[in-house]
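The values are calculated or read from the model by the stated rules, or taken from the named source; none is laboratory data. Computed from a prediction, not measured in an experiment: that's the story for all the values here. Reconstructed Cβ throughout: ideal geometry from the backbone, glycine too, with neighbour counts over all protein chains shown. Ligands, DNA and RNA are excluded from the accessible area calculation, which covers all protein heavy atoms including side chains. Shrake-Rupley method; radii C 1.70, N 1.55, O 1.52, S 1.80 Å.
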Amino acid sequence: MPAEIRGSVEKVVFYNPANHYAVLKVSVSGDIVTVTGTFAQVHEGQMLRIEGNWEQHPKYGRQMKALSHETLPFHSPQAVERYLASGLIKGVGPVMARKIVEKFGVETIEILNQSPSRLSEVEGIGPKKLAGLQKSLDEQKQLKDIMIAFQEFEISPAYATRIYKQYGAQSIQMLKENPYRLAEDVSGIGFIKADAIAARTGIPKDSPFRAQAGILYLLERLSEEGHIYYPYTQLLAEAEKNLSIPGENLRKAVAALFERGRIVIEGIFTGAAFASVEANEKAVYLKPLHDAETGVARGLKDLLETGDKRQKATPEPEEKTLPLAADRIALSAKQAEAVKGALRERVFIITGGPGVGKTTIVKTILDIHKARGKKVLLAAPTGRAAKRLSELTGEEAKTIHRLLEYTPAQGFRRNRLYPLHADIVVLDESSMIDTPLMARLLEAFPSGGRNAAPGKYRSGDHGGCGLIMVGDSNQLASVGPGNVLGDMIASGAVPMARLDEIYRQSRQSLIVVNAHRINKGEMPWLPEERGGDFHFIKLIEPAAILERLLELCARTLPARGFDPFRDIQVLSPMHKGTLGVSNLNRALQELLNKDAPGEKAGPFLTGDKVMQVRNNYEKDVYNGDTGRIKEIRKGEIVADFYGRQVVYGRSETEELQLAYAASVHKSQGSEYPVVVMPIVTEHFILLQRNLLYTAVTRAKRLMVLLGQPKALAIAVKNSKMTTRYTALKSRLENP
């Protein structure tokens with residue numbers, strides 16, 4: 001049963017205005033009690049009745065975790081004065097608080113609530129001052145009333161504050177009429193939360209508001225699976241199954257969203273041209289994703305067309321490029337052709353597996369351009385990939401967001417009006433780039449013609465900046481929506497070089513050799529002898545595999561000099577199950593970090609290895625970035641990402657997950673000294689060749705697979721890739 005205490009707030013130790021989480025020191029019958037919980041507008045001197053549970057904190061001792069509270073009347077003028085002096089009302093400090101209480105005594109709070117105009121009776125409060133105080137009191141009363149009203153709908157103070165900031169005095173009316181607007185307008189409130197609120201307000205399940213919000217929610221969820229659009233009939237089927245709304249209502253909802261401009265409907269590409277929208281099957285896009293895909297197609301065509309014009313006007317003599325390349329390093333015939341193509345074309349793709357010399361080609365191209373006095377910019381989709389590119393080339397490399405000078409206040413500063421200043425942009429790990437980010441990059445290319453930004457057209461000189469995309473098209477597609485590199489290659493519209501000859505030094509590595517074998521559908525070589533950089537440990541039972549994996553990470557590999565936090569990365573195809581990411585993280589945390597010092601924040605402990613799981617532009621950390629928790633203080637987490645400290649409030653920790661183990665998808669763009677990966681038939685749905693290939697190519701010094709030979713064989717033979725609905729290939733193929 002919850003306990004109850006009554007007392008006055010002696011000190012507000014910590015208060016987060018974003019979510020109203022507070023740590024209070026409360027005087028209860030002469031004793032000082034620590035109370036934690038959510039408190040709207042809490043101030044020193046306030047009298048409270050609090051219900052909650054007593055807890056024993058390992059560092060701070062006995063404290064109460066508040067479940068609910070209410071404000072009590074004041075019993076002394078001194079308490080009222082202290083309350084007012086704490087900053088309750090804008091414009092009232094300690095001196096003015098004393099004057100007000102001297103005038104009205106214990107009736108002060110009632111005067112403020114019922115007759116605030118009487119404040120004019122206090123010396124020093126003239127008409128202008130009074131107007132300001134009344135405005136502040138009105139805003140506080142309005143917010144307090146909304147907070148109380150929202151409790152009926154089980155809306156937390158943190159969300160109530162966001163809703164109030166968005167809708168002001170209309171908050172309660174809006175909530176009762178159409179709470180689904182919250183999912184569109186208020187950060188952090190998605191369809192699921194809005195749907196729960198709507199159910200409490202009595203809005204029917206087949207409401208048009210719910211149908212429209214549900215369609216948008218499904219399209220957003222499908223975009224998280226990589227789709228740019230979704231077929232109309234399949235979307236309706238998914239919606240009917242997930243929302244339990246009749247098909248006719250859903251068709252009306254789609255039509256209404258189209259009229260509102262929230263979605264775009266096009267005919268699906270039939271093989272020769274885009275079918276009309278009136279055809280049986282249609283493609284349904286979220287408007288921003290349609291803008292992004294058409295923007296990428298337009299931007300690439302612009303570069304390709306201006307590249308053709310440039311070549312015809314000033315063809316590049318091949319005899320000038322090859323000697324420069326040969327001076328750098330001995331190149332194979334295919335590598336030399338790749339260098340020439342990259343120097344000649346406005347857009348060029350260099351693709352191939354590990355050990356085929358992609359980095360050598362990039363270094364050669366950099367040397368040639370530097371010798372010519374050209375400016376080259378290097379970029380990659382993630383911080384880790386950019387850091388790796390910089391280490392390999394010896395040149396500065398940035399994330400695409402930093403290249404485009406993204407700031408939380410201004411967004412992407414680089415655009416068609418403020419383009420990049422460069423002769424060439426080299427984009428590494430191009431298989432990772434999603435369609436929206438590619439659209440932003442192309443919009444920032446200097447060009448006087450068609451531009452990636454939808455609906456924007458200028459004529460004039462095209463400028464000369466070129467784009468080289470380097471990546472492995474056989475890896476998994478981007479975490480975000482789209483399949484940019486794969487679609488560009490499949491279209492045949494973009495000049496490219498595909499490298500498949502393993503560079504001489506790399507032939508000594510079984511990681512490299514086996515990656516190529518897997519990519520061809522051949523079983524990897526599995527040597528019986530110890531040593532080497534590729535191992536397969538045959539085990540059948542998941543429990544035995546888990547036990548051996550933990551032993552490898554905690555004892556066997558550390559004994560060989562590998563740090564379990566810095567060097568070893570466990571990868572898994574799936575999140576669920578005994579050998580899924582979630583269970584592996586729990587087991588590895590318990591084994592490797594059970595003696596962590598300090599407090600706990602959710603599942604996190606000081607020293608934990610963590611991963612950012614969504615893009616956070618304000619913090620400049622992105623999906624897939626990994627770091628370690630340096631400190632947990634009063635519920636806040638301080639994490640280190642590549643030498644940079646990032647702070648997470650209590651409401652932001654959902655952006656993090658433990659990263660002792662990670663999904664193969666999340667590992668893209670990263671390279672680890674050691675990769676350990678279980679492979680079992682219970683992961684059947686994701687046992688695919690490109691997933692196994694991606695996992696193997698993440699390992700730099702040692703790859704350890706452990707599990708069932710049958711599961712390994714299934715993965716190698718299964719060349720079927722998960723379908724992503726995109727139309728970039730079609731748009732590049734056609735005018």
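Annotations for the structure displayed:
- All positions within segment 387-418 that are aliphatic (A, V, I, L, M) and free of Cβ contacts under 8 Å to residues at least 24 places away in the same chain: Ala409, Leu417
- Residues that are open to solvent by 10 Å² or more (accessible area, probe 1.4 Å), modelled with pLDDT under 85 and within 23 Å of Glu81 (Cβ to Cβ), drawn from segment 30-45: Gly30, Ala40, Gln41, Val42, His43, Glu44
- Unmet criterion (only one of (1) surrounded by fewer than 22 Cβ atoms within 10 Å (Cβ to Cβ); (2) at pLDDT 85 or above; (3) part of a helix (DSSP H, G or I)) for Lys700: (3)
- Filter pass, Leu137 being within 23 Å of Val42 (Cβ to Cβ), open to solvent by less than 70 Å² (accessible area, probe 1.4 Å) and either among the acidic types (Asp, Glu) or free of Cβ contacts under 8 Å to residues at least 60 places away in the same chain (or both): yes
- Filter result (open to solvent by 10 Å² or more (accessible area, probe 1.4 Å) and among the aliphatic types (A, V, I, L, M)) within segment 477-493: Ala477, Val479, Ile489, Ala490, Ala493
- In segment 21-34, the residues that are within 11 Å of Lys11 (Cβ to Cβ) reach residues that are hydroxyl-bearing (Ser, Thr, Tyr) with C-beta atoms within less than 6 angstrom, at least six apart or across chains, in these pairs: Ala22/Tyr15; Val23/Thr36; Ser27/Ser8.
- Top-ranked residue of segment 395-415 - restricted to ones that are in a loop (DSSP other than H, G, I, E, B) and modelled with pLDDT of 90 or more, ranked as surrounded by the fewest Cβ atoms within 10 Å (Cβ to Cβ): Glu396
- Residues that are modelled with pLDDT under 95 and outside any strand (DSSP E or B) within segment 660-677 comprise Val664, His665, Lys666, Ser667, Gln668, Gly669, Ser670, Glu671, listed in sequence order.
- Taking the conditions (1) at pLDDT below 95; (2) of a type in the set (Val, Ile, Thr); (3) open to solvent by less than 30 Å² (accessible area, probe 1.4 Å); (4) outside any loop (DSSP other than H, G, I, E, B) in turn, Ile215 satisfies each one other than (1).
- Pick from segment 494-521, criterion closer than 21 Å to Gln335 by Cα and among the aliphatic types (A, V, I, L, M), ranking: surrounded by the most Cβ atoms within 10 Å (Cβ to Cβ): Ala515
- Qualifying positions in segment 46-77 - more than 27 Å from Lys141 (Cβ to Cβ), modelled with pLDDT under 85 and open to solvent by less than 70 Å² (accessible area, probe 1.4 Å): His57, Gly61
- Answer residue from segment 433-469, given it is of a type in the set (D, E, K, R) and at pLDDT 50 or above and is most open to solvent (accessible area, probe 1.4 Å) among those: Arg440
- Members of segment 223-250 found to be touching a residue at least 60 places away in the same chain (Cβ under 8 Å) and buried (at least 18 other Cβ atoms within 10 Å of the Cβ), listed by number: Ser223, Gly226, His227, Ile228, Tyr229, Tyr230
- Failed condition for Ile714, given (1) part of a helix (DSSP H, G or I); (2) open to solvent by 70 Å² or more (accessible area, probe 1.4 Å); (3) among the β-branched types (Val, Ile, Thr): (2)
- Any hit, segment 71-85, residues being out of contact with any His (no Cβ under 7 Å at 6 or more places or on another chain), assigned to a loop (DSSP other than H, G, I, E, B) and among the basic types (Lys, Arg): no
- Within the span defined as segment 107-121, every residue fails to be open to solvent by less than 20 Å² (accessible area, probe 1.4 Å), within 28 Å of Val35 (Cβ to Cβ) and in a loop (DSSP other than H, G, I, E, B).
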